[in-house]
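Participant: This structure is in structure tokens; I'll ask about it shortly.
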Amino acid sequence: MTTHVDLAALTEGEDDGDGVHWTLGPPSELNVNLVRLDPGHRIEAHVGGVDVAVVVLRGDGRAVVDHTTHELGPHTLVHISKGAERQIEAGADGLWYLTVHRRREGPTISTSRPG
């Protein structure tokens with residue numbers, strides 16, 4: 001299976017609002033999300049369960065990884081290791097970026113009954 005996406009066309013809007021605007025779905029082993037943050041908005045600090053690559057397409061901002069600030073702008077990449085605390089904040093221009101990580105396994109349901 002091949003997926004071809006025009007990311008420039010997807011990121012043309014200025015007022016598209018926060019959130020995930022596109023996702024590469026199954027059956028891919030990768031999870032890829034196109035994320036938009038409005039100016040000054042952020043993804044709050046949290047500890048990630050997988051390695052993630054953050055690739056900035058448009059705008060500006062900061063990634064704070066384990067209390068170290070990394071400036072973000074177009075065509076920058078930040079690799080964040082599993083277990084690191086991370087926060088991403090958009091600057092005055094807002095921020096369009098891709099996250100790329102391995103797809104997480106969902107919970108499994110056991111058919112056995114206790115006792």
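Participant: Taking amide hydrogens as modeled 1.01 Å from N in the peptide plane, which residues meet the under 5 Å criterion relative to VAL50, leaving out close sequence neighbours?
Facilitator: GLY83
Participant: Near the amide H of HIS41, under 5 Å away, which other amide H atoms are found, from residues 5 or more places off or on another chain, if H is placed in the peptide plane?
Facilitator: ALA90
Participant: Okay, moving on. Which whole-Hz ³J(HN,Hα) couplings does segment 89-95 yield from phi under the Karplus relation 6.51 cos²θ - 1.76 cosθ + 1.60, θ = phi - 60°, glycine and proline marked x?
Facilitator: Each residue's phi maps through the Karplus curve to give 10, 7, x, 5, 9, x, 8 Hz.
Participant: Could I ask something else about it? Each residue of segment 19-36 in order: what ³J(HN,Hα) in whole Hz does its phi give by Karplus 6.51 cos²θ - 1.76 cosθ + 1.60, θ = phi - 60°, with x for Gly and Pro?
Facilitator: x, 7, 9, 6, 9, 7, x, x, x, 4, 6, 9, 10, 10, 10, 9, 10, 10
Participant: When the helix-only estimate is applied to the chain (DSSP H runs of n ≥ 4, each -39,500 (n - 2.57), divided by the residue count), what is the mean residue ellipticity at 222 nm, nearest 500 deg cm²/dmol?
Facilitator: -500 deg cm²/dmol
Participant: Mind telling me which of GLY19, GLY73, GLY94 comes out most flexible in a GNM of the chain, alpha-carbon contacts under 10 Å?
Facilitator: Result for the chain, Cα springs under 10 Å: GLY19 fluctuates most.
Each reported figure results from applying straightforward, stated rules to the coordinates on display, with no laboratory input. Not measured: the values here are computed from a predicted model.
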